[in-house]
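Enquirer: The structure's right below; bear with me while I get my questions together.
The values are calculated or read from the model by the stated rules, or taken from the named source; none is laboratory data. Values in this document were obtained by computation on a predicted structure and should not be read as measured data. Cβ coordinates were reconstructed from backbone atoms using ideal geometry, including for glycine residues, and neighbour counts include every protein chain displayed. Side chains are part of the model used for accessible areas, which takes the heavy atoms of the whole protein and leaves out ligands, DNA and RNA. Shrake-Rupley method; radii C 1.70, N 1.55, O 1.52, S 1.80 Å.
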Amino acid sequence: MTFCKAVFTVQPEARQPEARRRPVLCGATLGGTLLAFAIIGPGAPGQADAQQPPTADYYVYVGAESADLLHRVRFGPEGAALDRTIAVGEMATETEGPHGLNISPDGRFLFMTTGHGVPDGKLWKFHAGPDTLVGDPILLGYFPATLDLTPDGLYAFVANFNLHGEMVPSTISVVYTPDMIEVDQVETCTMPHGARLDAAGVYLYSACMMDDQIVEIDTRTFEVSRRFPVAVDDGRPSPACSPTWVVPARTGRSLFVACNRAGRILEIDRDSWSLVRVLETGAGPYNLALTPDDAVLVATLKAGAGGQFFDTATGRSLGTAPSSTTVTHGVVTSPDGRYAFVSVEGVGAEPGKVDIFDLEAFERVAEVEVGQQAGGIVFWRMVPR
């Protein structure tokens, strides 16, 4: 006969009811003698999410910055695999560094920044799927990094991080995407990073790593409308927060800011323009992503080699899970809110990785090896089986 029994474990950070996350011990007996047993379900070594495999194929793109490669990764019922690799760049002797990625709202186009070059970086536009260039890339500022697109897909906003130059104020480039023309550069602060639009596409928010600010740009005027200081007055050297990412909630008024140096996430109310909550994190929170319903906030821990998950309603940490290698970087969530896809850089000649985390069990369920220094990552599409 066969039997299955819940394995009772203490998991104080679990968001789901305890019984939902318990692994299950299954065995077979003959004449009262135990013949074999196995642990399946969440928490079981090598068997994470065995009870509920994906019912769709999920596709993400990731850039390998030190290898000048774009990768497409597929995750589905059979597991995770490298779906396609695309060589990018123009100069064989130069590491041009694919860094920021985004997909047009209709899913037709993939946009990519290369951060290096001569040293001005460029913005590229590909047909997503066939992965062919739409036209020649265009020059932007020094080290264009994070990019986001308006809901109609007509404008791209790109943070010119200026990694190569002096510690002087840099800009956000505004690009009209149908013709790939830069129409403006909005000066914001020193080392702008982590630029994200609100759901309506009216305001762009970006972090200033060296100025300890969050900057709001009105997309109707291409002008800075507000600034929010995020320095933490607790004796830390400046910049005390060193914000690396900001993400607005799709619903409600919240902005979430990753303080990379301070080891915390700040929640800012956009209406009152005030700090409402501080979430303590593991070492080096770097990138942030929300599930589509804004219920779960995912933070990559660049110095902590892992991901951390928060309940946005209570601010409580739901758990922390290790990444498959070191220097955790970017994160996106799936449209159904079930998975988080995380890029992990690795060190030196080590390959990069794409780690996949289950957002019910808060565990890593798959990983795929990609090129060195995996950084920018974007969700492309989900295809039901």
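Enquirer: Once you wrap a convex hull around the alpha carbon atoms of segment 95-181, what is its projected area averaged over all directions, in nm²?
Expert: 5.3
Enquirer: If DNA, RNA and ligands are ignored and the probe is 1.4 Å, what is the ranking of PHE341, PHE222 by accessible area, most exposed first?
Expert: So, going from the largest accessible area down, we get PHE222, PHE341.
Enquirer: For ASN260, which sequence-distant residues (separation of 5 or more, or a different chain) have an amide H within less than 5 Å of its own amide H, given hydrogens modelled in the peptide plane?
Expert: Hits under the 5 Å cutoff: THR244.
Enquirer: Pop out the Kirkwood hydrodynamic radius of segment 208-328 from its pairwise C-alpha distances, inverse of mean 1/r, in Å to one decimal.
Expert: It works out to 14.6 Å.
Enquirer: I've got another one for you. Under a crude label model (7 Å from the Cα following the beta-carbon direction), how far is MET167 from VAL347 in nanometres?
Expert: Result: 2.6 nm between the two label points.
Enquirer: Show the residues, 5+ positions off or on another chain, whose built amide H is closer than 5 Å to the amide H of ALA303.
Expert: HN-HN under 5 Å from ALA303: GLY284.
Enquirer: At 37 °C and 0.692 mPa s, what whole-number value in µm²/s does Stokes-Einstein give for the translational diffusion of segment 122-170, with Rh from the Kirkwood sum over Cα pairs?
Expert: Estimated diffusion coefficient is 265 µm²/s.
Enquirer: Continuing with this model, one more query. Taking 0.36 nm per residue of separation and subtracting the Cα-Cα distance, what length does fully extending GLU182 through ASP83 add?
Expert: 32.4 nm is the gain from fully extending GLU182 to ASP83.
Enquirer: How big is segment 173-225 by Rg and Dmax over its Cα atoms, in Å?
Expert: Here Rg and the maximum Cα pair distance are 11.3, 35 Å.
Enquirer: Follow-up. What full-extension length gain, to one decimal in nm, is calculated for VAL278 and ARG253 as 0.36 nm per residue of separation minus the Cα-Cα distance?
Expert: Contour length minus Cα-Cα distance gives 7.5 nm.
Enquirer: What is the set of long-range amide H partners of TRP380 at a cut-off below 5 Å, with H atoms built 1.01 Å from backbone N?
Expert: Here TYR59, VAL60, TYR61 satisfy the definition.
Enquirer: Could I ask something else about it? Quick one: what are the phi-derived ³J(HN,Hα) couplings along segment 295-306, Karplus 6.51/-1.76/1.60 with θ = phi - 60°, whole Hz, x for glycine and proline?
Expert: After applying 6.51 cos²θ - 1.76 cosθ + 1.60, I find 7, 10, 9, 10, 10, 7, 9, 5, 8, x, 6, x Hz.
Enquirer: On to the next question. Using protein chains only and a probe of 1.4 angstrom, how many square angstrom of TYR58 are accessible, to the nearest 10?
Expert: 0
Enquirer: Within the accessible area of segment 229-385, what % is carbon and sulfur when the probe is 1.4 Å and the other protein chains stay in place?
Expert: In segment 229-385, the share of accessible area belonging to carbon and sulfur is 50 percent.
Enquirer: Return the sequence-ordered ³J(HN,Hα) values of segment 337-352 in whole Hz as given by the Karplus equation 6.51 cos²θ - 1.76 cosθ + 1.60 applied to θ = phi - 60°, using x for Gly and Pro.
Expert: x, 8, 10, 10, 10, 10, 8, 10, 6, x, 10, x, 7, 4, x, x
Enquirer: Solvent-accessible area per residue for segment 108-167 at a 1.4 Å probe radius, Å²?
Expert: Spelled out: the 1.4 Å probe surface of segment 108-167, per residue, equals 37 Å².
Enquirer: Let me ask something else about it. Roll a 1.4 Å probe over the protein heavy atoms and report the accessible area of SER317 in Å², nearest 10.
Expert: Per-residue accessible area (SER317): approximately 20 Å².
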